[in-house]
Amino acid sequence: MKRILSGIKPSGTLTLGNYIGAISKFVELQKKRPEDEFYLFVADLHAITIPQETALLRKRTRDVAAMYLAAGIDPERTVLFIQSEIKEHAELGYLLQCFTYIGELERMTQFKDKSKKGETGLSSAFFSYPALMAADIILYDADYVPVGEDQKQHLELTRDIAARFNNRFGAFFTVPEPLIPEVGARIMDLQDPTKKMSKSEDSDKGCITLYDDRATIMKKIRSAVTDSVGIVRFDPENQPGLANLITIYAALSGLSPAEVVSKFPGPGYAPFKDACADLVADAIGTLQKRYEDVISSGTLDAILDRGRDVAGKVAFKKLEKAKQKIGLGRKR
Ligand code: ATP
Ligand code: LTN
């Protein structure tokens, strides 16, 4: 039996990128691996590394949890919880900072990108955030962590931190492996296919959210930046905008990019774009309907309470042992 864990920050409106790269893959894994254990959380402590508005943060935290369920996460088989409700995350996060080099954090592209943009007023927690992410994972001895491509580097650092701790104190933390999807690990912005589709960037036209209505989705996909070649081919280097749409189509239909291409032989992109828009609008429409069902069922709090209780016990035990290994406190 393996333990599979992942998390999403409630830092903005969930996007099609989050759905394709992370949420839908988690659901697939759960269907494919009936013998495994699943831990899934809303990473609200991560969200506040960037300033958040109080009421909005609270709402988004619930929304992310509800969207996981709407996407088909089985609450019977998933320990679903809110990160900040288990204080061991923050505590182990601090401990792991003591085993993380400044140089390692400085090499993280997410941090480098923000500092390069000349952003001032970045919090020190934004800088040290990969140590908290490592804590989220190894606190539960997770074996696998399904994430999108952008998190690969953070996972590598997590592995290094876990291995470093183990070298020093003896085998204690499981060294986790990332699970990055073959198709859809990096959905790009529809207006700028060199940039990741992102919930915290303000690129309204280039980003499809899970709350967009059908007309908005159709418009965004029809006006997605492509090229002047006019033939549907999967060529990420020379036709990046089109390749992104093919990837979206492939991920949502379960076809390979080559199979998608073979469905659209005619010249021009309009028929393909229309079909792609329909597919996205259908998928998101279904998600929205189920999201409403989750909210109106009134079961969310009970599920999150149970998740908190189960995860809390595991986290408490592991953290206590980690502190003893280090020599903190009086217990041995
Ligand atoms: P931000 O866009 O604000 O940096 P984020 O969406 O990357 O945030 P999370 O909410 O924590 O940050 O991401 C949740 C999951 O969604 C992660 O596994 C991440 O890799 C994945 N993900 C995010 N954006 C994309 C994307 N454009 N394509 C594929 N996967 C994505
Ligand atoms: N850092 C991730 C969110 C995240 C996460 C995690 C993902 C926080 N803790 C643990 C997987 C496992 C992000 O920004 N996308």
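The values are calculated or read from the model by the stated rules, or taken from the named source; none is laboratory data. Bear in mind the structure is a predicted one, so any value in this text is a computation, not a measurement. Methodologically, a virtual Cβ is constructed for each residue, glycine included, from the backbone with ideal geometry; neighbour enumeration extends over all protein chains shown. Ligands, DNA and RNA are excluded from the accessible area calculation, which covers all protein heavy atoms including side chains. Shrake-Rupley method; radii C 1.70, N 1.55, O 1.52, S 1.80 Å.
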Two pseudo-spin positions, 7 Å from Cα along C-beta at LEU57 and at SER123, lie apart in nanometres by 0.6 nm
Rounded to the nearest 10 degrees, the helix 300-326 long axis (Cα) sits at an angle to the longest Cα principal axis of the chain of 50 degrees
Taking R0 as 25 Å and r as the Cβ-Cβ distance between ASN167 and LYS114, the FRET efficiency 1/(1 + (r/R0)^6), rounded to the nearest 0.05, comes to 0.20
In terms of the charge dipole of segment 211-257, which places +1 on Lys and Arg and -1 on Asp and Glu at the beta carbon, the residue among ASN244, ILE221, LEU255 farthest towards the positive end is ILE221
Beyond 27 Å (Cα-Cα) in this structure, taken from LYS117/LYS205; LYS2/LYS317; LYS116/LYS318; LYS87/LYS321, we find LYS116/LYS318
On the accessible surface of the chain, probed at 1.4 Å with all protein chains in place, carbon and sulfur together account for a percent value of 52 percent
Once amide hydrogens are built 1.01 Å from N within the peptide plane, the residues lying 5 or more places from LYS196 or on another chain with amide H under 5 Å from its amide H are ASP189
Treating every alpha carbon of the chain as one equal point scatterer without solvent, the Debye formula yields log10 I(q)/I(0) values at q = 0.08 Å⁻¹ of -0.39
Rounded to one decimal in nm, the spacing of the 7 Å Cα→Cβ label points at SER253 and ASP274 is 1.5 nm
Ranking ALA142, HIS46, PHE81 by how far each Cα lies towards the positive end of the charge dipole of segment 46-157 (+1 on Lys and Arg Cβ, -1 on Asp and Glu Cβ), the top one is HIS46
To the nearest 10 degrees, the tilt of helix 240-253 (Cα long axis) against the first principal axis of the alpha carbons of the chain is 70 degrees
Of the convex hull enclosing the alpha-carbon atoms of segment 237-332, the direction-averaged projected area in nm² is 11.7 nm²
Rounded to the nearest 10, the angle in degrees between the Cα long axis of helix 270-297 and the longest principal axis of the Cα atoms of the chain comes to 40 degrees
Mean-square fluctuation maximum in Gaussian network of the chain, Cα pairs under 10 Å, restricted to THR216, THR54, THR158, hits THR54
